[in-house]
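J.: Handing you this structure, nothing more for now.
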Amino acid sequence: MSNNPQTQNLQRRFLYNLLSDIFILKPEKEFLDKIHQKDIYTFLKSFLDNHQDIKELENYITSLMKNDNRLIELGLVYENTFVIPVAMYYIPPYMSAFINYANLRSNNSFYTISEELNSLYGLYGLHFDYRSDHLSVIFSFMSYLINMDLSENISTIEEQYKFFKKYIVNWVEIFFNEVLQRCDNKFYKMFSNIGKNFIALESNLMKEV
């Protein structure tokens, strides 16, 4: 990512939003069309372990956009992996599936991670349609904090650090590793690899705060 703070925040916001969409939206052509751009592939390449993978991802998305049956198959993969709780395939994209809240809670005000997160979002006047501890909602909120830096010239780096430390770094890599190990679909494996490497960079960034 860029060393320029403004550009870096734009890139971070983009990645949080992209990963949020990947893991909460059933893939459709309109969404894939937004990803299917040379400059985006060039940017994402640096987050893949093998730079040749980006060409494979580009080819795969091209095939999805040309073949409705392949797109339907990807939609079924999405539902079976992240939506329908069938033990053999399901990888829950929820913080509460990976974290014991009894070890996380700092007071007795809330009984669940979802309650605590809903209270936090409420402080910013935010309400999400999905469960508050869903990976995508958590990433959307992180994007919101970054956007405050960009659009309102208000530094939220301390808030970002606290949120990242408590609600992201302690489980998201485990989730992405589960997808890499258990999901056979290259689309979700590659974006999990991108997500894992991005969060590793975020960890290093937050150490500087």
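J.: Please go through region 30-60 and pick out each residue that is open to solvent by 20 Å² or more (accessible area, probe 1.4 Å), touching a residue at least 40 places away in the same chain (Cβ under 8 Å), under 18 Å from Asn185 (Cβ atoms) and not charged (D, E, K, R).
T.: Selection gives Tyr60 alone.
J.: If Ile91 passes every condition in (1) touching a residue at least 40 places away in the same chain (Cβ under 8 Å); (2) open to solvent by less than 60 Å² (accessible area, probe 1.4 Å); (3) assigned to a helix (DSSP H, G or I) but one, which one does it miss?
T.: (3)
J.: Looking at Ser63, Ser2 in this structure, which one is free of Cβ contacts under 8 Å to residues at least 24 places away in the same chain, open to solvent by 20 Å² or more (accessible area, probe 1.4 Å), under 28 Å from Glu152 (Cβ atoms) and of a type in the set (Gly, Ala, Ser)? Working first, answer last.
T.: Details: Ser63 fails: under 28 Å from Glu152 (Cβ atoms).
Criteria check complete, one pass: Ser2.
J.: Does any residue in region 148-161 that is touching a residue at least 60 places away in the same chain (Cβ under 8 Å) come within less than 7 Å, Cβ to Cβ, of a residue that is in a helix (DSSP H, G or I) and open to solvent by 70 Å² or more (accessible area, probe 1.4 Å) six or more places away or on a different chain, and which pairs are these?
T.: Filtered contacts from region 148-161: Leu150/Leu10.
J.: Any chance region 148-161 includes a residue that's open to solvent by less than 20 Å² (accessible area, probe 1.4 Å) and at pLDDT below 95? I'd like the intermediate steps shown before the answer.
T.: We begin by selecting, within region 148-161, every residue open to solvent by less than 20 Å² (accessible area, probe 1.4 Å); these are 156, 160.
Right, trim to at pLDDT below 95 and you get 156.
Yes, region 148-161 has at least one match.
J.: Please work out if Phe98 is open to solvent by less than 70 Å² (accessible area, probe 1.4 Å), hydrophobic (A, V, I, L, M, F, W, C) and in contact with a strand residue (DSSP E or B) (Cβ under 9 Å, 6 or more places away or on another chain).
T.: Numbers: open to solvent by less than 70 Å² (accessible area, probe 1.4 Å): yes; hydrophobic (A, V, I, L, M, F, W, C): yes; in contact with a strand residue (DSSP E or B) (Cβ under 9 Å, 6 or more places away or on another chain): no.
Against the criterion (open to solvent by less than 70 Å² (accessible area, probe 1.4 Å), hydrophobic (A, V, I, L, M, F, W, C) and in contact with a strand residue (DSSP E or B) (Cβ under 9 Å, 6 or more places away or on another chain)), Phe98 does not qualify.
J.: Follow-up question, since we're still on this one. Pairs needed: first member in region 103-126, under 17 Å from Lys165 (Cα atoms) and among the small types (Gly, Ala, Ser); second member anywhere, at pLDDT 80 or above and part of a loop (DSSP other than H, G, I, E, B); C-beta distance under 7 Å; at least 6 residues apart or different chains.
T.: Note: pairs meeting the criteria are Ser114/Arg131; Ser114/Ser132; Ser114/Asp133.
J.: Here's another thing I want to ask about it. State all residues of region 169-183 that are open to solvent by 50 Å² or more (accessible area, probe 1.4 Å) and in contact (Cβ under 8 Å) with a residue 24 or more places away in the chain; if no residue qualifies, say none.
T.: Within region 169-183, Val169, Asn170, Glu173, Ile174, Glu178, Arg182 meet the criteria.
J.: Please find, among Leu135, Leu104, the residue that is open to solvent by less than 50 Å² (accessible area, probe 1.4 Å), under 23 Å from Ile199 (Cβ atoms) and over 18 Å from the mean Cα position of the chain (by Cα).
T.: Values: Leu135 fails: over 18 Å from the mean Cα position of the chain (by Cα).
Of Leu135, Leu104, the one residue that is open to solvent by less than 50 Å² (accessible area, probe 1.4 Å), under 23 Å from Ile199 (Cβ atoms) and over 18 Å from the mean Cα position of the chain (by Cα) is Leu104.
J.: Still on this structure, I have one more. Closer than 28 Å to Pro27 by Cβ and either open to solvent by 10 Å² or more (accessible area, probe 1.4 Å) or touching a helix residue (DSSP H, G or I) at 6+ places or on another chain (Cβ under 9 Å) (or both): is that true of Lys166 in this structure? Give the steps one after another, and end with the answer.
T.: Working: closer than 28 Å to Pro27 by Cβ: no; either open to solvent by 10 Å² or more (accessible area, probe 1.4 Å) or touching a helix residue (DSSP H, G or I) at 6+ places or on another chain (Cβ under 9 Å) (or both): yes.
The answer is no for Lys166.
J.: A further question on this structure: Could we say that Tyr124 is open to solvent by 40 Å² or more (accessible area, probe 1.4 Å) and closer than 24 Å to Glu202 by Cα here? Walk me through it before giving the result.
T.: Values: open to solvent by 40 Å² or more (accessible area, probe 1.4 Å): yes; closer than 24 Å to Glu202 by Cα: yes.
Spelling it out, Tyr124 is indeed open to solvent by 40 Å² or more (accessible area, probe 1.4 Å) and closer than 24 Å to Glu202 by Cα.
J.: From Ile72, Ile84, which residue is under 30 Å from Lys166 (Cβ atoms) and surrounded by 11 or more Cβ atoms within 10 Å (Cβ to Cβ)? Before you say what the answer is, go through the steps one by one.
T.: On the way: Ile72 fails: under 30 Å from Lys166 (Cβ atoms).
Just one listed residue meets the conditions, Ile84.
J.: Of a type in the set (Ser, Thr, Tyr), open to solvent by less than 70 Å² (accessible area, probe 1.4 Å) and farther than 24 Å from Phe14 by Cβ: which single residue out of Ser143, Ser114 fits that description? Give the derivation first.
T.: Values: Ser143 fails: farther than 24 Å from Phe14 by Cβ.
Of the residues listed, the single one that is of a type in the set (Ser, Thr, Tyr), open to solvent by less than 70 Å² (accessible area, probe 1.4 Å) and farther than 24 Å from Phe14 by Cβ is Ser114.
J.: Further question: Grab the helices (runs of 4 or more DSSP H) fully contained in region 107-192, keeping just those with 1 or more residues being among the polar types (S, T, N, Q) and within 30 Å of Ser63 (Cα to Cα). Write out each step before concluding.
T.: On the way: elements: 113-123, 135-152, 157-167, 172-182.
Where helices (runs of 4 or more DSSP H) fall fully within region 107-192 and carry at least 1 residues being among the polar types (S, T, N, Q) and within 30 Å of Ser63 (Cα to Cα), they are 135-152, 172-182.
The values are calculated or read from the model by the stated rules, or taken from the named source; none is laboratory data. Since we're looking at a predicted model, the values are computed, not measured. Positions of Cβ are backbone-derived with ideal geometry, glycine not excepted, and every protein chain shown enters the neighbour counts. These accessible areas exclude ligands, DNA and RNA; they are computed on the full protein's heavy atoms, side chains included. Shrake-Rupley method; radii C 1.70, N 1.55, O 1.52, S 1.80 Å.
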